[in-house]
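Below you'll find the structure, written out as structure tokens, and then a few comments.
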Amino acid sequence: MGLPATFLWGGATSAHQCEGGWNAGGRGPCKRDYMTLDENKNRLLTYIDDAGNHCFMPLGSGSQLPEGAHYAVFDDCLYPDQEGVQFYNRYKEDIALLKEMGFKVFRMSIAWSRLFPHGNEAEPNREGIAFYKDVFTELRKANIEPLVTLWHDDTPLYLDEVYGGWQNRKLIDFFEHYANTCFEEFKGLVNYWLPFNEINNVLMFLDMFGQNPTDEMFRAAYQEMHYKFVASARAVIAAHHADANNQVGCMICGVPFYPATCDPKDIMLSHAMWEKGILYSSDVLCKGEYPTFAKRLWREHGVQLDITPEDLATIKAGSVDIYTFSYYMSSAVTTHSSNDIVGGNCTTGVRNPYLDYSEWGWAHDPLGLRYFLEKVYAQYKLPMMIVENGLGAVDTVEDGRVHDSYRINYLRDHILEMKQAVENGVNLIGYTSWGCIDLVSAGGEMKKRYGFVYVDRQEDGSGTFSRIRKDSFYWYKKVIASNGEDLR
Ligand code: P53
């Protein structure tokens, strides 16, 4: 049967991880601009307190500065996201490389603070609009469909500082205005939109690797997600209104949960993780209503939420057209005590003895991708797209070449299972691998690379930013040209 001829092959990036130009063209800052790493690779924000001391604070979604303090850049620290990989200056060269690989689609994000430096201005920054218009036009010239994320972890700093970020209902209006501006300004250039990246993460990650999360942390997560659900629904409504060709997707961090044993208690734990981590968000975004188990979840943590009847009507009217998700790994969970906890930068399930793990402790599990696709498709019956997938690994350049057979193997294994899911009836419309051009990892490391294109930017901040085609570049080009038939 094979994949449909219209299948959208491509790759994915996010603004703060690749653009750079953090204070160019009138862009306002976001928290990640002040992120540096300590010697143990912990992510820290740098600031100056009211007495003038240089201080550090762990980066977390809820981190707020003490009274009288302000974020600041220190001369002796490195801030990876400020420069990214210079997509801001090199996008023409980068898009030419994507075109050479035969990309049909390119997922990227708009930096909210490039259009609205504070996040809440009435009029957008024209320089920001012009930049993205140029990028989209360049993509169109290359016959590449843009797939655009509106929020990828980069709330304008001003909204965080003055309004307390997504704990504040006002963010819904600010986001709606920003989204509307994009739909109007980029009409005819962009038709695929994702309002929020990995909207379920705030909650799912508390369970996966929060250390003894408190009820207050759960309350904050549920509230933030509720405001984002309403903001997403408003964006869906506005997008459809702006252009009947617009298609809007949810974007879920897709982690399939497995019971680590056949103890029924483990089966139920894994079931509960699916509900809380995946289905809670997916139901709201795809069915337009909270699932029946939502009230139980809120009760579990004694959560009282700010939810109005108008919110629920908006959510009902603004469900998405497509189901998009990221997939990197599965997670095995158990009620039994286990010392064999998976390390890595963000997974604390138990080690699955049937799987291999990456250097960063992420499980290599292509069947998990098929499982996720088939299970979720049966639930929502919406067209699906895999918008992130890939292997973060250390690459070495030898004589100007990068032999990344490990990456080719990872991607091949996942594409094979993805094709199986399609054979089984899943309506899959596209696949964009993560970090198609090397970029700064979410953990702030440069050496964790995903790209088909190597970028000469090193962990210590050295490098020329020049681009090199890896072996996987030529491989992916063949994959696309043969519509997924030639995977050798
Ligand atoms: P890095 C964890 C687990 C699954 C997805 O992640 C995740 C994360 C965050 O670490 O986030 C997505 O760079 C995210 C991207 C991110 C990518 O996964 O830590 O949408 O921004 O870079 C890969 O290897």
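The values are calculated or read from the model by the stated rules, or taken from the named source; none is laboratory data. Predicted model, so just to flag it, every value in this text is computed and none were measured. With ideal geometry, Cβ positions are generated from the backbone for all residues, glycine too; neighbour counts draw on all protein chains shown. Keep in mind that these areas ignore ligands, DNA and RNA; they rest on the heavy atoms of the full protein, side chains included. Shrake-Rupley method; radii C 1.70, N 1.55, O 1.52, S 1.80 Å.
Residues in the range 452-477 that are closer than 15 Å to Arg407 by Cα and without any contact (Cβ under 8 Å) to a residue 60 or more places away in the chain were compared, and the one that is farthest from the ligand (Cβ to nearest atom) is Tyr474. When Asp283, Asp243 are screened for being at pLDDT 95 or above and under 16 Å from Ile199 (Cα atoms), only Asp283 passes. In the set Pro366, Pro383, only one residue is closer than 18 Å to Gly430 by Cα, modelled with pLDDT of 95 or more, open to solvent by 30 Å² or more (accessible area, probe 1.4 Å) and in contact with an Asp or Glu (Cβ under 8 Å, 6 or more places away or on another chain); that residue is Pro383. Criterion first (open to solvent by 60 Å² or more (accessible area, probe 1.4 Å), under 23 Å from Gln223 (Cβ atoms) and not acidic (Asp, Glu)) does Lys287 satisfy it? The answer is yes for Lys287. The strands (runs of 3 or more DSSP E) found wholly in the range 388-484 and carrying at least 1 residues that are more than 20 Å from Gln86 (Cα to Cα) and not small (Gly, Ala, Ser) occupy 428-434.
In this structure, Glu216 does not satisfy being touching a residue at least 40 places away in the same chain (Cβ under 8 Å) and charged (D, E, K, R).
Looking across the range 171-194, the residues that are open to solvent by 30 Å² or more (accessible area, probe 1.4 Å) and farther than 23 Å from Ile386 by Cα come down to Asp173, Phe174, Glu176, His177, Asn180, Glu184, Glu185, Lys187, Gly188. Where helices (runs of 4 or more DSSP H) sit wholly within the range 250-319, those with at least 2 residues that are more than 28 Å from Val387 (Cα to Cα) occupy 264-273, 294-300, 309-317.
Somewhere in the range 116-137, is a residue within 27 Å of Tyr474 (Cα to Cα) and open to solvent by less than 30 Å² (accessible area, probe 1.4 Å)? So far as the range 116-137 goes, yes, one or more of its residues are within 27 Å of Tyr474 (Cα to Cα) and open to solvent by less than 30 Å² (accessible area, probe 1.4 Å). Restricting attention to the range 391-408, the residues that are farther than 17 Å from Ser466 by Cα, surrounded by 13 or more Cβ atoms within 10 Å (Cβ to Cβ) and of a type outside the set (A, V, I, L, M, F, W, C) total 5. Considering only residues in the range 360-376 that are more than 14 Å from the ligand (Cβ to nearest atom) and among the aliphatic types (A, V, I, L, M), the one that is farthest from Glu417 (Cα to Cα) turns out to be Val376.
Take the range 426-451 and flag every residue that is within 10 Å of the ligand (Cβ to nearest atom) and crowded, with 21+ Cβ neighbours inside 10 Å.
Selection gives Trp434, Gly435, Leu439, Val440, Gly444, Lys448, Arg449, Tyr450.
If we scan the range 342-355, do we find a residue that is within 16 Å of the ligand (Cβ to nearest atom), within 30 Å of Lys41 (Cα to Cα), open to solvent by 60 Å² or more (accessible area, probe 1.4 Å) and over 19 Å from the mean Cα position of the chain (by Cα)? Yes, that holds for at least one residue. Among the residues of the range 140-161, the one identified as of a type outside the set (A, V, I, L, M, F, W, C), without any contact (Cβ under 8 Å) to a residue 60 or more places away in the chain and buried (at least 18 other Cβ atoms within 10 Å of the Cβ) is Pro146.
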